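J.: Got a structure for you, written out below as structure tokens; questions coming shortly.
The values are calculated or read from the model by the stated rules, or taken from the named source; none is laboratory data. For clarity, every value in this text was computed on a predicted model and none was experimentally measured. Every residue, glycine as well, gets a Cβ built from its backbone with ideal geometry; the counts of neighbours run over all protein chains shown.
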């Protein structure tokens with residue numbers, strides 16, 4: 001089991017460490033992680049995860065279903081995508097993922113309806129009450145209670161963790177996180 005964790009960490013590091021620096025003047029250009037990097041990060045934080053739910057507007061992410069199916073098959077993780085194009089579908093899809101599909105983490109693509117303040121508040125509150133890891137690409141969500149966000153920048157990955165959410169979920173921050181990533185605890 002320890003060897004498997006080490007291999008996963010090594011593969012993850014090989015995917016994220018060769019990042020190129022992208023600086024415009026004094027500003028650092030921040031980019032989102034690739035789909036594979038994001039899933040490895042989730043798996044690193046919650047080893048043994050079997051089901052990840054994804055909330056997004058599918059029409060804005062062509063090819064996502066196929067990509068997630070391939071990655072999920074490789075890692076032995078079930079990826080359940082819920083098309084969430086409007087506010088009416090946010091609650092329904094969240095409840096379906098948590099109650100029927102029994103996902104252990106929900107990855108939110110903050111696009112369209114999911115980027116609205118009312119959706120953010122609902123998802124953060126319900127994820128905490130349901131004790132489900134909430135993953136996003138926006139650090140502002142983490143300040144409000146989401147579990148984790150990761151972005152590329154400055155030659156390394158910057159990981160934003162909500163300390164209270166991590167504690168509530170019983171997740172452990174490995175030494176690899178603080179050694180390999182720029183860790184920001186909120």
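J.: I need a count of the residues in the stretch 153-183 that are touching a strand residue (DSSP E or B) at 6+ places or on another chain (Cβ under 8 Å), outside any helix (DSSP H, G or I) and at pLDDT below 85.
T.: The total comes to 8.
J.: Being modelled with pLDDT under 95, crowded, with 16+ Cβ neighbours inside 10 Å and out of contact with any helix residue (DSSP H, G or I) (no Cβ under 9 Å at 6 or more places or on another chain), is that true of even one residue in the stretch 131-141?
T.: Yes, some residue in the stretch 131-141 is modelled with pLDDT under 95, crowded, with 16+ Cβ neighbours inside 10 Å and out of contact with any helix residue (DSSP H, G or I) (no Cβ under 9 Å at 6 or more places or on another chain).
Residue-wise test of (1) in a helix (DSSP H, G or I); (2) in contact with a strand residue (DSSP E or B) (Cβ under 7 Å, 6 or more places away or on another chain); (3) more than 24 Å from residue 166 (Cβ to Cβ); (4) at pLDDT 50 or above.
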position	(1), (2), (3), (4)
4	yes, no, no, no
7	yes, no, no, no
13	yes, no, no, no
44	yes, no, no, yes
65	yes, yes, yes, yes
73	yes, no, yes, yes
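J.: Quick one: how many residues across the stretch 142-159 are touching a helix residue (DSSP H, G or I) at 6+ places or on another chain (Cβ under 6 Å), farther than 16 Å from residue 37 by Cβ and crowded, with 22+ Cβ neighbours inside 10 Å?
T.: Going through the stretch 142-159 one residue at a time, the tally reaches 2.
J.: Considering only residues that are under 15 Å from the mean Cα position of the chain (by Cα) and buried (at least 21 other Cβ atoms within 10 Å of the Cβ), look in the stretch 111-121 and name the one that is farthest from residue 61 (Cα to Cα).
T.: Ranking the qualifying residues of the stretch 111-121, first place goes to 120.
J.: When both residues are 6+ apart or on different chains and their Cβ atoms are under 9 Å apart, which pairs have a first residue that lies in the stretch 130-158 and is in contact (Cβ under 8 Å) with a residue 24 or more places away in the chain and on the phi > 0 side of the Ramachandran plot, and a second that is buried (at least 18 other Cβ atoms within 10 Å of the Cβ) and part of a helix (DSSP H, G or I)?
T.: Matching pairs, first to second residue: 131/169.
J.: Within the stretch 36-88, take every residue that is over 28 Å from residue 178 (Cα atoms) and in contact (Cβ under 8 Å) with a residue 40 or more places away in the chain and give me the one that is surrounded by the fewest Cβ atoms within 10 Å (Cβ to Cβ).
T.: Only one residue tops the list, namely 60.
J.: Regarding residue 97, is this residue buried (at least 21 other Cβ atoms within 10 Å of the Cβ), in contact with a strand residue (DSSP E or B) (Cβ under 8 Å, 6 or more places away or on another chain) and over 21 Å from residue 46 (Cα atoms)?
T.: Details: buried (at least 21 other Cβ atoms within 10 Å of the Cβ): yes; in contact with a strand residue (DSSP E or B) (Cβ under 8 Å, 6 or more places away or on another chain): yes; over 21 Å from residue 46 (Cα atoms): no.
So residue 97 does not fit the description; no.
J.: If the requirement is being modelled with pLDDT of 95 or more, buried (at least 16 other Cβ atoms within 10 Å of the Cβ), touching a helix residue (DSSP H, G or I) at 6+ places or on another chain (Cβ under 6 Å) and in a helix (DSSP H, G or I), which of these qualifies: 103, 124? Step through it out loud before you land on a result.
T.: Numbers: 103 fails: in a helix (DSSP H, G or I).
The match here is 124.
J.: What number of residues within the stretch 142-152 satisfy the criterion of being under 14 Å from residue 108 (Cβ atoms) and touching a strand residue (DSSP E or B) at 6+ places or on another chain (Cβ under 6 Å)? Before you say what the answer is, go through the steps one by one.
T.: First, pick out the residues of the stretch 142-152 that are under 14 Å from residue 108 (Cβ atoms): 142, 144-150.
Checking which are touching a strand residue (DSSP E or B) at 6+ places or on another chain (Cβ under 6 Å) leaves us with 142, 146-150.
Within the stretch 142-152, residues that are under 14 Å from residue 108 (Cβ atoms) and touching a strand residue (DSSP E or B) at 6+ places or on another chain (Cβ under 6 Å) number 6.
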